[in-house]
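The values are calculated or read from the model by the stated rules, or taken from the named source; none is laboratory data. Since this is a predicted model, take the numbers as computed values, not measurements. Here the Cβ is made from the backbone with ideal geometry for all residues, glycine too, and neighbour counts use every protein chain on show. Please note that ligands, DNA and RNA were not included when accessible areas were found on the heavy atoms of the full protein model with its side chains. Shrake-Rupley method; radii C 1.70, N 1.55, O 1.52, S 1.80 Å.
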Amino acid sequence: MAVRSLRLSRTWALAMYTRGGLLLPPNITRHPQACRLKSSAQLLVRQELPKLAYHKQKGKSPGVIFLPGYLSDMNGHKAMALEDFCKSLGHSFIRFDYTGCGDSEGSIKECTIGKWKKDVLSILDDVAEGPQILVGSSMGGWLMLLAALARPEKIAALVGVAPAADHFVTAFNQLPSEEKKVIEETGEWKLPSKYCESGFYSIPYSFVKEAENHCILNGPIPLMSPVRLIHGMKDEDVPWHVSLQIADRVISTDIDVILRKHGQHRLSEKDDIKLLVYTIDDLIDKLITLG
């Protein structure tokens, strides 16, 4: 009876969330901070490391932590929508900015995959309480897997949204030899992107070389927690086949890949967010029931 009552209350909260306007309208897919007041962030002070800006909403376990993509910050649409959803259920939620991004300290030019992995571990070790569901978007999906490997005892489940595991290294290795040689000589890779005004990301060659130390798709990924991967089949940045590779490498038997036929890389449309919310709700329900 207790489990049934819990499930009914959660179903009610989810219905109120999706019907009550907490999801932004379809025409607002980015920068929700423009439509609601931005509260001041807390700062995580770390010894000999840049301070990290974060927002923490206290609540029940398992908690949810959102990991943004490359050069994104904690005020993106998915992060804010998940915060509202977790609040509606009374579960804890954390969103934060990586070093050199958003309100966190540090220089983006000095950042690496390894340093951003340390950021995630700092949040897990010093801010989060109890088991966590990590939700990683794009590059955040890569960092999500790296963090889970480093702190498996703190991970309840993983949800990847167009997870970009090994992406920078894979994309660089696919370049023509002549182009790679120029990048090596100049020390800069101008990676085309429609998400910035310049039309490309300026990525140091040293960033790519350091990222090689964190590639995970070359062998088994020893993770046992439930994993859910959502990917758009119209993704022009990270091919949806990457999610299939991750699913093949992760040794957990509880893993699902959900493909959105018309979904693009960011998966920030209203129906995309609904799917993400339902996926996390289902995981929380499963974890609570089993726990």
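Kindly indicate whether Val169 is free of Cβ contacts under 8 Å to residues at least 40 places away in the same chain, out of contact with any strand residue (DSSP E or B) (no Cβ under 8 Å at 6 or more places or on another chain) and hydrophobic (A, V, I, L, M, F, W, C).
no
Give just the number: which of (1) modelled with pLDDT of 95 or more; (2) more than 20 Å from Ser61 (Cβ to Cβ) does Glu269 not satisfy?
Among (1) modelled with pLDDT of 95 or more; (2) more than 20 Å from Ser61 (Cβ to Cβ), the lone unmet condition for Glu269 is (1).
I'd like the full set of residues that are farther than 18 Å from Glu269 by Cβ and basic (Lys, Arg), limited to the range 224-249.
Result: Arg228, Arg249.
Sort through Leu229, Leu267 and tell me the only one that's hydrophobic (A, V, I, L, M, F, W, C), in contact with a Gly (Cβ under 6 Å, 6 or more places away or on another chain) and outside any loop (DSSP other than H, G, I, E, B).
None of the other options fit; the residue is Leu229.
Looking at the range 180-227, which of its residues are among the aliphatic types (A, V, I, L, M), open to solvent by 40 Å² or more (accessible area, probe 1.4 Å) and more than 30 Å from Val64 (Cα to Cα)?
Val182
For Lys115, indicate whether it is loosely packed, with under 13 Cβ neighbours inside 10 Å, at pLDDT 95 or above, of a type in the set (Lys, Arg) and on the phi < 0 side of the Ramachandran plot.
Spelling it out, it is not the case that Lys115 is loosely packed, with under 13 Cβ neighbours inside 10 Å, at pLDDT 95 or above, of a type in the set (Lys, Arg) and on the phi < 0 side of the Ramachandran plot.
Against the definition (closer than 21 Å to Lys78 by Cα, among the aliphatic types (A, V, I, L, M), modelled with pLDDT of 95 or more and buried (at least 20 other Cβ atoms within 10 Å of the Cβ)), how does Ile133 come out, yes or no?
Yes: the conditions hold for Ile133.
For the range 44-153, list the helices (runs of 4 or more DSSP H) that sit wholly inside it and hold at least 2 residues that are within 24 Å of Ile251 (Cβ to Cβ) and of a type in the set (A, V, I, L, M); which are they?
113-126, 139-150
Just to be sure, is Ile230 buried (at least 18 other Cβ atoms within 10 Å of the Cβ) and either under 16 Å from Asp166 (Cβ atoms) or basic (Lys, Arg) (or both)?
no
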